[in-house]
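**Q** To start, I am sharing the structure in question, which I have written as structure tokens.
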Amino acid sequence: MSDPAAEPLKLIALDADDLSVISAHLQDAVLKRGDIAYRPAEKRFALALRRFDWEGAAQGHKRRRLTALHFERVTAARSSKVAAGDAVLSLLAVTFAEIDGPAGQVTLHFSDGAAIRLDVECIEAQMKDLGPIWEAVATPAHPDAG
């Protein structure tokens with residue numbers, strides 16, 4: 001039987017609604033600082049993540065896959081509380097705040113209050129799965145707030 005959740009995803013975001021779809025697919029993706037690259041001359045910010053397959057989880061699978069995310073038209077990138085070295089970052093959400101439409105700030109929110117903020121001329125992002133799925137040790141869990 002075919003597993004449609006195993007098919008690789010390729011998503012493009014050109015507005016805040018599109019970006020929220022990418023954010024949902026990347027919730028609980030993990031990466032290290034070395035998986036992040038900012039190319040100011042190219043106005044590009046890119047990262048490689050190991051995303052949890054939430055669609056597969058709905059069918060009882062626990063798995064991850066390598067995924068690339070990149071943003072174009074990036075004029076600045078800043079980080080806060082992003083640990084140096086081999087510390088694992090867990091992505092919680094990707095949000096957009098319009099400053100002077102269509103320009104604004106994309107923020108990648110990580111666990112433990114870490115964040116990366118990108119100044120962008122407009123939203124132009126792409127998420128693409130790169131390769132096979134592998135079994136995950138566990139399903140990410142979030143303790144109830146409050």
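**Q** If you average the C-alpha positions of region 13-84 and of region 97-143 separately, how far apart do those two centres end up, in angstrom?
**A** The distance from the Cα centre of region 13-84 to that of region 97-143 comes to 4 Å.
**Q** How tilted is helix 16-26 with respect to the longest principal axis of the chain? Cα atoms for both, answer in degrees (0 to 90, nearest 10).
**A** So the helix axis and the longest Cα principal axis differ by about 40 degrees.
**Q** How many Å² of accessible area per residue for region 18-130, probe 1.4 Å?
**A** Numbers: 5300 Å² over 113 residues.
That works out to 47 Å² for each residue.
**Q** Could you rank Trp134, Trp54 by how accessible they are, 1.4 Å probe, largest area first? Spell out each step's value before the answer.
**A** On the way: Trp134 105, Trp54 80 Å².
Output order, biggest surface exposure first: Trp134, Trp54.
**Q** Dipole size in debye (nearest 20) for the chain around its Cα centre, Lys and Arg Cβ +1, Asp and Glu Cβ -1? Could the numbers behind the result be given before it?
**A** Numbers: 17 positive and 21 negative charges, 122 e Å.
So the dipole magnitude of the chain works out to roughly 580 debye.
**Q** Using 7 Å Cα-to-Cβ label points, what is the Ser111/His61 separation (nm, one decimal)?
**A** 2.3 nm
**Q** In addition: When we measure straight from the Cα of Lys128, which lysines land under 21 angstrom away, once same-chain ones fewer than 8 places off are left out?
**A** Answer for Lys128, where 21 Å is the Cα cut-off: Lys10, Lys32, Lys43, Lys62, listed by chain and number.
**Q** Which of the trypsin sites (Lys or Arg not before Pro) found in region 47-141 are loop residues per DSSP with 16 or fewer other Cβ atoms within 10 Å of their Cβ? Could you put the intermediate results ahead of the total?
**A** Working: sites: Arg50, Arg51, Lys62, Arg63, Arg64, Arg65, Arg73, Arg78, Lys81, Arg117, Lys128; in loops: Lys62, Arg73, Lys81.
Taking region 47-141 and a limit of 16 other Cβ atoms within 10 Å, the loop trypsin sites (Lys or Arg not before Pro) found are Lys62, Lys81.
**Q** Leaving ligands, DNA and RNA out of it, report the carbon-plus-sulfur percent of the accessible area of the chain at a 1.4 Å probe.
**A** On the way: 4260 of 8030 Å².
Solvent-exposed carbon and sulfur of the chain make up 53 percent of the total.
**Q** Of all GluC sites (Glu not before Pro) in region 28-135, which ones are in loop regions per DSSP and have a Cβ with at most 15 other Cβ atoms within 10 Å? Let's see the in-between values first.
**A** Values: sites: Glu42, Glu55, Glu72, Glu98, Glu121, Glu124, Glu135; in loops: Glu72, Glu121, Glu124.
Listed in order of number, the matching sites are Glu121.
**Q** Answer with one residue from Gly56, Leu26, Ala87: the one whose Cα lies farthest towards the positive end of the charge dipole of the chain, charges on Cβ with Lys, Arg +1 and Asp, Glu -1.
**A** Farthest along the dipole direction, towards plus: Ala87.
The values are calculated or read from the model by the stated rules, or taken from the named source; none is laboratory data. Just so it is clear, the model here is predicted, and its values are computed rather than measured. As a convention, Cβ positions derive from the backbone with ideal geometry for all residues, glycine included, and neighbour counts pool all protein chains shown. Accessible surface areas use protein heavy atoms only, side chains included; no ligands, DNA or RNA. Shrake-Rupley method; radii C 1.70, N 1.55, O 1.52, S 1.80 Å.
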